[in-house]
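These notes concern the structure reproduced below.
The values are calculated or read from the model by the stated rules, or taken from the named source; none is laboratory data. Just so it is clear, the model here is predicted, and its values are computed rather than measured. Because the Cβ atoms are built from the backbone with ideal geometry, glycine has one as well, and the counts that use them run over all protein chains shown. What goes into the accessible areas is simple: the full protein's heavy atoms, side chains included, and nothing from ligands, DNA or RNA. Shrake-Rupley method; radii C 1.70, N 1.55, O 1.52, S 1.80 Å.
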Amino acid sequence: MAGATSATAAAGAFAAAKARGPAAACPWLVAAGGRRRSGVVRCDAGGDAQAASKAASITALEQFKISADRYMKEKSSIAVIGLSVHTAPVEMREKLAVAEELWPRAISELTSLNHIEEAAVLSTCNRMEIYVVALSWNRGIREVVDWMSKKSGIPASELREHLFMLRDSDATRHLFEVSAGLDSLVLGEGQILAQVKQVVRNGQNSGGLGKNIDRMFKDAITAGKRVRCETNISAGAVSVSSAAVELAMMKLPKSECLSARMLLIGAGKMGKLVVKHLIAKGCKKVVVVNRSVERVDAIREEMKDIEIVYRPLTEMYEAAADADVVFTSTASESLLFTKEHAEVLPPISLAMGGVRLFVDISVPRNVGACLSEVEHARVYNVDDLKEVVEANKEDRVRKAMEAQTIITQELKRFEAWRDSLETVPTIKKLRSYADRIRASELEKCLQKIGEDNLNKKMRRSIEELSTGIVNKLLHGPLQHLRCDGSDSRTLDETLENMHALNRMFSLDTEKAVLEQKIKAKVEKTQS
């Protein structure tokens with residue numbers, strides 16, 4: 001993958017993570033407890049400051065319009081700017097996490113940037129990626145990075161050490177690989193495909209996704225489904241939840257695994273999968289702490305092979321005192337367990353290794369890293385799951401190579417679709433050009449004949465004659481501007497025809513399209 005090298009380099013560049021508390025995370029970006037937060041923090045400038053900012057945006061766009069000739073050879077670029085478990089530690093990822101209910105607002109802010117036409121946000125426990133269509137690659141990327149810096153509170157210079165940035169076919173291939181589970185910490189895991197689908201559903205409900213981004217994500221879903229159906233990449237694949245259970249089993253004394261007292265905090269999708277994989281390991285009982293009992297009842301109804309004991313959130317610390325292993329999987333932006341909490345918990349029996357295990361698969365994290373400073377406690381987060389998934393590495397690489405063939409096929413389909421869009425403005429302008437000539441000549445003809453000499457039937461016949469002549473003359477050129485795979489014409493030939501017609505009729509389509517986009521941006525800023 002084109003981004004793999006840069007991702008590895010970025011990961012290696014990470015220095016020691018700065019000590020921080022959950023409150024340092026930008027409150028706009030993450031909703032506590034999986035609920036929409038009220039009272040979003042804003043910085044309201046005075047009327048003069050707002051007017052000045054708006055004027056500056058319009059000036060920047062007008063300058064861009066004046067220098068539009070510099071960008072004629074650079075069509076709008078698809079880009080992905082982001083970080084993942086491969087490039088950035090969880091301490092940074094949690095600051096950038098965007099709760100799902102806030103995706104539409106993030107998209108609205110991104111598309112209001114001067115050089116961003118379309119946008120989508122994919123934010124999970126292992127990645128935070130922003131997909132955009134940018135009028136200008138350099139300016140668009142700079143605006144997105146500045147937006148990420150502003151929202152997270154992380155300086156742009158520090159962010160760039162961990163970000164990966166991919167363009168056009170590399171960006172599209174990356175999304176297809178993400179959807180197929182090839183870029184996941186756990187190869188072939190299925191949850192990421194569901195998250196990609198949710199981006200599309202969210203965009204459809206809010207009307208936030210543009211034409212290019214919407215089609216790209218839908219094709220990525222197709223690629224992800226094909227990879228899972230046509231290869232055995234999912235055979236034996238594990239999810240983040242199952243890797244968490246596997247990690248806990250690795251750290252427990254083998255003779256005591258099945259007798260360990262298991263506690264799960266959070267009964268969402270990830271928590272439900274934890275219960276499922278505990279059953280697969282042979283566990284017979286798990287205590288579940290959750291805000292409400294309804295979700296726990298639903299899990300209990302579905303999974304009959306394990307005893308599930310519900311305890312309310314108010315009894316979380318009492319439940320932890322009775323547990324050998326604590327799994328945390330909530331959307332809380334505040335730490336649920338700190339060093340102080342762990343210090344007052346009773347010790348674990350020596351038969352269980354004398355150490356209470358905290359396995360935190362939440363982003364933002366629910367358990368502070370400082371817990372491991374307590375003698376009888378150890379904490380593991382999503383970044384520690386690499387220890388589990390390193391097994392069978394050769395088999396993982398082989399499966400990934402099989403999947404790449406499918407991804408390449410789907411990538412070609414998407415790029416052919418996107419390239420074919422280039423001819424649409426030319427078709428419209430050529431049609432408009434011909435219609436203007438027809439209307440002008442028709443008017444001259446009718447004036448020569450005289451209105452008094454024409455009845456309605458004669459006038460309609462003359463108009464139909466002029467329209468028929470234009471349609472027949474345009475039929476050939478327009479056919480050669482369409483490339484839908486129904487004939488032997490290649491896309492390259494179609495684009496050559498497009499450029500030839502642009503020259504012959506002085507349509508200047510590319511510049512007109514760019515100026516139209518800039519005009520729309522200026523009008524949006526003014527409003």
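Before moving on, here are some points about what is shown:
- Of everything in the range 207-226 that is surrounded by fewer than 21 Cβ atoms within 10 Å (Cβ to Cβ), in contact (Cβ under 8 Å) with a residue 24 or more places away in the chain and more than 14 Å from the chain's Cα centre (by Cα), the residue that is farthest from Arg105 (Cα to Cα) is Arg226.
- Filter result (surrounded by fewer than 24 Cβ atoms within 10 Å (Cβ to Cβ) and more than 27 Å from the chain's Cα centre (by Cα)) within the range 323-336: Ala323, Asp324
- Residues of the range 437-468 satisfying the condition of being within 26 Å of Leu507 (Cβ to Cβ) and of a type in the set (Asp, Glu): Glu441, Glu443, Glu463
- Sole exception among (1) open to solvent by 10 Å² or more (accessible area, probe 1.4 Å); (2) of a type outside the set (Phe, Trp, Tyr); (3) closer than 22 Å to Leu185 by Cα for Leu102, by number: (3)
- Restricted to the range 290-311, and to residues there that are surrounded by fewer than 13 Cβ atoms within 10 Å (Cβ to Cβ) and in contact with a strand residue (DSSP E or B) (Cβ under 9 Å, 6 or more places away or on another chain), the residue that is farthest from Ser239 (Cα to Cα) is Ser292.
- Checked against the criterion of being over 27 Å from Leu135 (Cα atoms), modelled with pLDDT under 80 and not in a helix (DSSP H, G or I), the candidates Gly485, Gly476 yield just one match: Gly485.
- Ala280 out of contact with any Asp or Glu (no Cβ under 9 Å at 6 or more places or on another chain) and open to solvent by 50 Å² or more (accessible area, probe 1.4 Å): yes
- Restricting the range 352-403 to residues that are polar (S, T, N, Q) and open to solvent by less than 60 Å² (accessible area, probe 1.4 Å), the residue that is modelled with the lowest pLDDT is Ser372.
Residue-wise test of (1) in contact with a helix residue (DSSP H, G or I) (Cβ under 6 Å, 6 or more places away or on another chain); (2) not basic (Lys, Arg).
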{"residue": "Val121", "(1), (2)": "yes, yes"}
{"residue": "Val145", "(1), (2)": "yes, yes"}
{"residue": "Arg160", "(1), (2)": "no, no"}
{"residue": "His174", "(1), (2)": "no, yes"}
{"residue": "Ala180", "(1), (2)": "yes, yes"}
{"residue": "Ser184", "(1), (2)": "yes, yes"}
{"residue": "Asn205", "(1), (2)": "no, yes"}
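- Residues in the range 261-278 that are part of a helix (DSSP H, G or I) and either more than 18 Å from Gly190 (Cβ to Cβ) or touching a Cys at 6+ places or on another chain (Cβ under 7 Å) (or both): Leu278 alone.
- Selection status of Leu258, over 18 Å from Glu302 (Cα atoms), open to solvent by 10 Å² or more (accessible area, probe 1.4 Å), at pLDDT below 90 and not in a loop (DSSP other than H, G, I, E, B): yes
- Some residue of the range 234-255 being more than 30 Å from Arg398 (Cα to Cα) and open to solvent by 60 Å² or more (accessible area, probe 1.4 Å): yes
- Candidate set from the range 155-204 (those that are free of Cβ contacts under 8 Å to residues at least 24 places away in the same chain and within 24 Å of Lys272 (Cβ to Cβ)); member that is surrounded by the most Cβ atoms within 10 Å (Cβ to Cβ): Val200
- The residues on offer are Glu189, Glu177, and the sole one that is closer than 24 Å to Ile406 by Cβ and not in a helix (DSSP H, G or I) is Glu189.
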